[in-house]
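The values are calculated or read from the model by the stated rules, or taken from the named source; none is laboratory data. This structure is a prediction, so every number in the text was calculated from the model and none was measured. Because the Cβ atoms are built from the backbone with ideal geometry, glycine has one as well, and the counts that use them run over all protein chains shown. For the accessible areas, the whole protein counts, side chains as well, though only heavy atoms, and no ligand, DNA or RNA atoms are used. Shrake-Rupley method; radii C 1.70, N 1.55, O 1.52, S 1.80 Å.
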Amino acid sequence: MTISDTARGGAAMPPIAASQIDEHSIAELRELMSRYPEARSALIPMLHLVHSVDGYVSDTGVQVCAELLGITSAEVLEVATFYTMFKRRPAGKHHIAVCRSALCAVLGGDIIWDEIQKKLAIADGETTPNGMFSLEGMQCAAACDFAPVVSVDWEFMDNMSVQQVTMLLDMLDAGQQVYPTRGAMLTGFRAAHRVLAGFPDEFADAGASAGEASMRGVRTAAINGWTTSAAPLQPSVGSQQLGVLR
Amino acid sequence: MNATPLTPILSASWGAPYSWRLETYRGFGGYTGVLRALQLTPDQLIGVVQTSGLRDRDGARFLTSDKWSAALDSGTGVKYLVIDCAESEPNACKDVPLLLASPHLVIEGAIIAAYAIGAHQVFICIRGEALHAVRRVQQGVAEAYRAGYLGERALGVNYRIDITVHAGAGSYIRGEETALLNSLLGRAGRPSSQPPYPVSSGLYGEPTVVSNCETIAALPAIVSQGGEWYAQFGTANSRGTTVYSVSGHVQFPGQFEAPCGTTVRALLEFAGGIREGHKLKFFTAGGLSTPLFTEEQLDMPLPYGSATTAKAVPGGNALQFFDETTSVLRVTRRWMECYAAESCGKCSPCREGSWWLSQLLSGLAEGRGQEGDVERILDICDGISGRAFCPLADGFVGCVTGAIRQFRSEFEVGYRRAANELFPEEQSAVFAWNESVPTAKSGNGGFR
C-alpha cells in the first residue's frame with residue numbers, strides 16, 4: 001500500500017488492505033498475455049483480473065502489470081484511468097451503477113439516483129464505510145427498453161422503481177441471494193471482474209433468454225403468424241413457448 | 001414478395017428455451033450457413049454478400065462486401081477480424097439481447113466473415129458492463145471449439161480460426177473504429193488519424209475489418225438462404241432486416257426485428273403507442289447523435305430517413321419517445337453530461353466545449369441561467385462544429401443546436417425557473433411515485 005492508495009477526502013471510506021496479488025495471480029496474468037498476438041493487448045483483461053483480486057486497481061496491481069508487459073507504470077495508469085469501469089479506490093462488495101443517461105433519468109432514474117445516495121449516505125464514486133456498497137452514475141447501461149435501469153456488479157436490474165431499489169439494497173445488505181432480471185445470482189464485484197478478465201464461471205446458463213421487452217417483437221410476429229419464408233432459423237422446437245403479447 | 005411487418009430472422013430463436021446453447025441453435029438450422037460458405041471461394045462468398053445488399057449496421061453503413069473486398073485485396077498476409085459488440089452509443093440496446101439470446105449467430109457469422117477476408121484470428125469485443133452477455137459468448141465460443149467449429153481445421157476444412165472474447169471496460173468513444181482498435185492494443189480508447197484505414201493497416205499494423213455485431217449476425221442467414229433471398233427485405237438503399245429498439249414513454253418498449261425502411265410510426269405502433277393518457281412530444285432516432293424529431297417526422301423510414309437517400313441517420317435503429325411531461329432542456333442537459341463524461345479528451349474543442357456546454361445547460365435546467373446563455377451555447381457550438389477529430393463533437397453540436405432550434409423557449413425559461421417546476425420529474429417517471437408495496441413483477445422487470 002502506498003500513499004496514493006489512500007482514499008481522497010469526503011465520506012469515511014473503508015480502510016485499504018494490502019494487495020492480495022500473489023504468484024497464482026501472476027500466473028493468471030501471464031496466461032491472459034498469452035491469449036493475444038501481442039501481450040500488451042491483454043492489459044484491459046489484466047486490469048479486470050487485478051480488480052477481481054484486490055477489488056480495485058491497486059498500486060501493486062499497476063506495478064505488476066507494468067513489469068510483466070515491460071512498460072511503465074504511467075502507461076498502465078493511463079489505461080486504468082481512461083476506462084470508467086476501472087476504480088482507483090476500493091469498490092464495495094457490491095457495485096451499484098445507476099444509469100444516468102437522458103432516457104433512464106427521465107423515466108425515473110434521477111429519482112432513484114437521489115434515493116440511493118440518501119439511503120447509502122454516499123455520493124458518486126464513493127464506498128460505504130463498511131465496504132458493502134460502492135456507487136457510480138453510469139452513462140447508458142445499453143438497456144433502454146428496460147428503463148429505468150440499475151446495474152449491480154454489472155448485471156441488469158431492469159424496470160426499477162424507488163421501492164424496488166430499496167428492497168434490493170436491503171436484501172444485498174442482509175446477505176440474501178439476489179437474482180438480476182436477466183442474469184445469474186449476484187456473486188459480487190470481484191467475481192464479476194474475474195469473468196470479464198476472461199476466466200468464465202459456471203453461470204452462463206442462468207437467467208432468461210433475452211428478457212421480456214427484448215422478446216416483444218418476436219411475440220408480436222408469432223401472434224400474427226408473421227414468419228420469414230424460407231428463413232433458415234425457423235423454429236423446429238420452441239414456438240409453442242411463445243406467449244401472448246400483453 | 002412483400003415482407004411481413006415484422007421479420008424475425010436474427011431474433012427467430014430468441015423465444016426457445018436455452019436459446020443460447022449450441023444444441024438449440026443447431027435445432028434452428030444453425031451452422032448450415034458456414035458449411036455452405038466453406039464450399040465457396042472467398043470471392044464467391046463476397047459475391048453472395050454483395051447480392052444481399054447488406055450494409056454494415058453501424059453509423060457509416062458501408063456495403064459490407066466492399067469492406068471485405070478491400071480486405072481480401074490487401075494480400076495474403078496476416079489479417080484480423082474485430083467484432084464490435086461494445087454498443088456504447090447511448091440509446092443503442094440491441095446487441096445485448098442478441099448476445100444473450102443467440103451468441104452463436106455472431107460466432108457462426110464470425111467464421112464466415114473471417115474465411116471471406118482471409119483472417120485466422122477474430123476478436124469479439126463486448127461491453128464489460130454487460131456481464132451476462134460476456135458469459136454467454138464465452139460459453140458459446142467454448143462450445144464451438146468443442147464441436148470442432150473453431151481451432152485448427154475448423155469444420156473439417158484446412159483453415160484455422162480462433163476467436164478471443166475481449167470484455168471492454170467502459171467508454172463511449174470505443175464505438176469509433178480506431179478507438180476500439182486502440183483499446184484492443186491495451187491503450188486508451190482514443191481515435192487515431194485516418195488514413196491509413198484499418199482495412200489496410202489496423203490491429204498490429206495488419207489489415208483489419210471492424211464489423212458491428214449485428215452485421216456479423218446477419219451472415220448465417222444470408223449465406224444459407226442466398227443473397228437474393230435477403231435482398232427481398234428492405235428498401236433499395238437499405239436491404240435486409242434490422243433489430244429496432246423502441247424505448248421511452250411507450251406502452252411496450254422492446255426490440256422489434258423488421259425490414260430496413262420501416263417507418264417510425266409503424267415501430268411506435270408495435271410498441272403499443274405512447275403510454276396511456278399522454279401524447280408524443282418528441283423522439284430521437286439512432287443513438288443520441290441525431291436531432292430531435294416531432295410528430296411531423298413519424299412517417300420517416302429508418303435507418304435512412306428516406307427510402308431513397310444514401311445518407312443514413314447515424315445508427316438509426318434506436319428510437320426513444322418522450323411524452324409531453326418531458327423537459328427538452330433536462331434531456332439535452334443529460335445528453336451533454338454524457339458527452340462531457342465520454343469525450344476522450346484528445347481534441348480541445350470537444351473536451352472543453354462539452355464541459356462548458358454542460359455547465360451552461362445545468363445552470364439553465366436548475367433555473368439559475370443568465371440572460372444570453374442560449375446565445376452563448378450556440379456560439380460555443382459554432383466554435384466546436386467541424387473542429388474535432390471524430391464525429392462525437394459534431395454529434396453533440398447537432399443535438400444541442402437542434403433542440404434549441406425547436407424548443408428555444410424551454411431553454412430561455414431557465415433564466416428564471418428550474419425545468420423541474422414546469423416539468424415535474426415525478427410526472428415523467430414510469431413508476432408510481434407513491435407506490436408503497438414492492439412488487440417483483442415476474443418477467444417484466446423486477447428481480448426474484
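Kindly indicate the residue of region A:69-115 that is of a type in the set (Gly, Ala, Ser) and facing another protein chain (nearest Cβ under 7 Å) and also farthest from B:Phe423 (Cα to Cα) among those meeting that condition.
A:Ser101
Determine which single condition B:Phe411 fails, assuming it passes every other condition in (1) part of a helix (DSSP H, G or I); (2) open to solvent by 20 Å² or more (accessible area, probe 1.4 Å).
Among (1) part of a helix (DSSP H, G or I); (2) open to solvent by 20 Å² or more (accessible area, probe 1.4 Å), B:Phe411 violates only (2).
Among residues belonging to region B:320-351 that are among the basic types (Lys, Arg) and within 11 Å of A:Leu103 (Cα to Cα), point out the one that is nearest to the other protein chains (Cβ to nearest Cβ).
Checking each candidate, the answer is B:Arg334.
Conditions (1) within 14 Å of chain A (Cβ to nearest Cβ); (2) crowded, with 20+ Cβ neighbours inside 10 Å; (3) out of contact with any Cys (no Cβ under 8 Å at 6 or more places or on another chain), marked per residue:
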position: B:Gly30; (1), (2), (3): yes, yes, yes
position: B:Thr41; (1), (2), (3): no, no, yes
position: B:Ser52; (1), (2), (3): yes, yes, yes
position: B:Arg55; (1), (2), (3): no, yes, yes
position: B:Phe62; (1), (2), (3): no, no, yes
position: B:Val82; (1), (2), (3): yes, yes, no
position: B:His104; (1), (2), (3): yes, yes, yes
position: B:Phe123; (1), (2), (3): yes, yes, yes
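Does B:Cys338 meet the test of being modelled with pLDDT under 90 and buried (at least 23 other Cβ atoms within 10 Å of the Cβ)?
yes
Being modelled with pLDDT of 95 or more, more than 23 Å from A:Ala204 (Cβ to Cβ), open to solvent by less than 70 Å² (accessible area, probe 1.4 Å) and among the hydrophobic types (A, V, I, L, M, F, W, C) is the requirement here; does B:Val34 meet it?
No; evaluated as a whole, the condition is false for this residue.
Looking only at region B:332-386, which residues are of a type in the set (S, T, N, Q), touching a residue at least 60 places away in the same chain (Cβ under 8 Å) and in contact with a Ser or Thr (Cβ under 8 Å, 6 or more places away or on another chain)?
Selection gives B:Ser343 alone.
Identify, by number, the condition in (1) away from every other protein chain (no Cβ under 12 Å); (2) modelled with pLDDT of 95 or more; (3) in a loop (DSSP other than H, G, I, E, B) that B:Gly272 doesn't meet.
It fails just one condition, (1).
Pairs only if they're at least six apart or on different chains, beta carbon under 6 angstrom, first in region A:123-152 and at positive phi, second polar (S, T, N, Q) and surrounded by 24 or more Cβ atoms within 10 Å (Cβ to Cβ); list them, first residue then second.
Here the result reads A:Cys140/A:Ser101, each pair linking region A:123-152 to a residue that is polar (S, T, N, Q) and surrounded by 24 or more Cβ atoms within 10 Å (Cβ to Cβ).
Please verify whether B:Ala133 is over 20 Å from B:Tyr80 (Cβ atoms) and open to solvent by less than 20 Å² (accessible area, probe 1.4 Å), treating the condition exactly as stated.
Yes, satisfied.
I need the full set of residues from region A:160-170 which are open to solvent by less than 30 Å² (accessible area, probe 1.4 Å) and farther than 10 Å from A:Ile96 by Cα, in order please.
A:Met160, A:Ser161, A:Val162, A:Gln164, A:Val165, A:Leu168
Are any residues in region B:147-200 of a type in the set (Ser, Thr, Tyr) and closer than 30 Å to A:Val62 by Cα, and if so, which ones?
Matches in region B:147-200: B:Thr164, B:Ser171, B:Tyr172, B:Thr178, B:Ser183, B:Ser192, B:Ser193.
What number goes with the only condition from (1) β-branched (Val, Ile, Thr); (2) surrounded by fewer than 24 Cβ atoms within 10 Å (Cβ to Cβ); (3) at pLDDT below 95 that B:Thr164 does not pass?
Every listed condition holds for B:Thr164 apart from (3).
Scan region B:215-232 and report the pairs whose first residue is within 11 Å of chain A (Cβ to nearest Cβ) and within 16 Å of B:Leu38 (Cβ to Cβ) and whose second residue is charged (D, E, K, R) and open to solvent by less than 30 Å² (accessible area, probe 1.4 Å), with Cβ atoms within less than 6 Å and a gap of 6+ or a chain change.
Within 6 Å, the pairs are B:Pro220/B:Glu108.
Each row is one residue, and each column tells you yes or no for (1) within 14 Å of chain A (Cβ to nearest Cβ); (2) aromatic (Phe, Trp, Tyr); (3) part of a loop (DSSP other than H, G, I, E, B).
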residue: B:Val134; (1), (2), (3): yes, no, no
residue: B:Tyr145; (1), (2), (3): yes, yes, no
residue: B:Leu155; (1), (2), (3): no, no, no
residue: B:Asn158; (1), (2), (3): no, no, yes
residue: B:Asp162; (1), (2), (3): yes, no, no
residue: B:His166; (1), (2), (3): yes, no, no
residue: B:Leu180; (1), (2), (3): yes, no, no
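Pick from B:Ala130, B:Ala169: which is among the aliphatic types (A, V, I, L, M), closer than 24 Å to A:Thr72 by Cβ and in contact with a helix residue (DSSP H, G or I) (Cβ under 8 Å, 6 or more places away or on another chain)?
Matching residue, one of B:Ala130, B:Ala169: B:Ala169.
Quick one: in region B:233-256, which of the residues that are within 8 Å of another protein chain (Cβ to nearest Cβ) and open to solvent by 10 Å² or more (accessible area, probe 1.4 Å) is farthest from A:Ala105 (Cα to Cα)?
Across region B:233-256, the extreme among qualifying residues is B:Phe252.
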